Amino acid sequence: MNTKQAYLSSQMNEIKLPAFCRIFSAAVAGLFTVAMALSAVCVLVALALIGYSVVVRYFVGAPSLWIDEVVGFLVVGIVMFGAACALREGRHIGVDLVTELMSPRWQRWAQIWSMSVVLVLSIFLIVNGWQTAMFSKSIGMVTQGYLELPMYQLQLLIPLGGFLLALAAIDSLLRLACGASAFVVNEEEKH
C-alpha cells in the first residue's frame, strides 16, 4: 500500500461500520493474530533448525539430513498463515501505477474485483486442497525423505490457508460494501 492509499484508507476507516461488520472484522483480526503468531513461531523454528544444522555440519562434522525437509514444511506454514494477514492489510503486490490513475470510484471497483477473484481462488484452494489431502490419506501417502510423515497432514495447510484468504476477502468485501476501505490500516501506519 503506497502513501496515498494509506492516507485514503485511514480516512475511510474512520467511517462507522455496522455492528455485523465490526464484529466480523474483529473476529477475523483475532484469528489472524493467532495465524501470524503461528507464522512467527514457524520462522523462529526454521531459523533455529538452520542454525543447528550449520553448527552440527561444520563443527561436529555430522550433517542433519532431516532438517532441510522440516524447514521446507515450515515455509509452507509460514506462507499459508501469513498470506491472508498480508492481504487484509493491503501488503500484497499491487499494480499501483494503474490504480493510482483511476478515480476513487474506479479504485473501489478494482478492489471489489480483486477481492472477488481472491475469494474464488481461495474457494478453489479449500476444495482442491481438501480433496488432495483426503486422497493422500486414503492411499497412505508419506513424504519422501528421512521423516516419512503422513502427507495429508502437511497438505491440510493448503485448505487452511485458503480458508484464511477467504476470510480476508470476505472481510474486505464487507468493509467495501459498508463504505470503508478494503484494507485495515495498522496504528503505526496512521502516524
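Take Arg91 and Val79, extend 7 Å from each Cα along the Cα→Cβ direction, and tell me the distance between the two endpoints in nm.
Output for this residue pair reads 1.7 nm.
By accessible area of protein heavy atoms, probe 1.4 Å, what ranking do Phe124, Phe59 get, highest first?
Descending order: Phe59, Phe124.
Counting only the heavy atoms of the protein chains, how much of Tyr152 is accessible to a 1.4 Å probe, in Å² to the nearest 10?
For Tyr152, the solvent-accessible surface is approximately 50 Å².
Solvent-accessible area of Lys137, probe 1.4 Å, all protein chains present, reported in Å² to the nearest ten, please.
110 Å²
How do Trp106, Trp113 stack up against each other in accessible area, from largest to smallest, with a 1.4 angstrom probe?
From most accessible down to least: Trp113, Trp106.
Once R0 is set to 25 Å, what does the formula 1/(1 + (r/R0)^6) return for the Cβ-Cβ distance between Ala29 and Gln131, expressed as a FRET efficiency to the nearest 0.05?
The computed FRET efficiency comes out at 0.25.
For a Förster distance of 22 Å, can you work out the FRET efficiency between the beta-carbons of Leu38 and Leu149, rounded to the nearest 0.05?
0.75
Filter the DSSP H helices in the chain by two things, a Kyte-Doolittle mean of at least 0.5 and an axial alpha-carbon span of 18 angstrom or more, and list the hits by number.
Span-like helices, by this rule, are 19-55, 67-88, 104-139, 157-177.
Based solely on its DSSP helices, what 222 nm [θ] is calculated for the chain when runs of n ≥ 4 H residues each add -39,500 (n - 2.57) and the sum is averaged over all residues, nearest 500 deg cm²/dmol?
The per-residue figure over the chain is -24500 deg cm²/dmol.
Apply 1/(1 + (r/R0)^6) to the Cβ-Cβ distance of Leu121 and Arg57, taking R0 = 41 Å, and write down the FRET efficiency to the nearest 0.05.
In this case the efficiency is close to 0.55.
Please report the carbon-and-sulfur percent of the accessible area for the chain; probe 1.4 Å, protein heavy atoms only, DNA, RNA and ligands left out.
72 percent
Let me know the charge dipole size of the range 1-150 about its Cα centre in debye, to the nearest 20, where only the beta-carbon of Lys, Arg (+1) and Asp, Glu (-1) is charged.
Roughly 460 debye for the range 1-150.
If you consider only alpha-carbon coordinates, what radius of gyration and Dmax does the chain have, in Å?
20.1, 63
Using a Gaussian network for the chain with springs between C-alpha atoms less than 10 Å apart, which of these wobbles most: Leu74, Leu176, Leu65?
Comparing Leu74, Leu176, Leu65 in a Gaussian network model of the chain, the most mobile one is Leu65.
The values are calculated or read from the model by the stated rules, or taken from the named source; none is laboratory data. Bear in mind that the values here come from a model prediction, so they are computed numbers and not experimental data. In this analysis, Cβ positions are derived from the backbone assuming ideal geometry, glycine residues included, and neighbour counts consider all displayed protein chains. We work out accessible area using only protein heavy atoms, side chains counted, and drop any ligands, DNA or RNA first. Shrake-Rupley method; radii C 1.70, N 1.55, O 1.52, S 1.80 Å.
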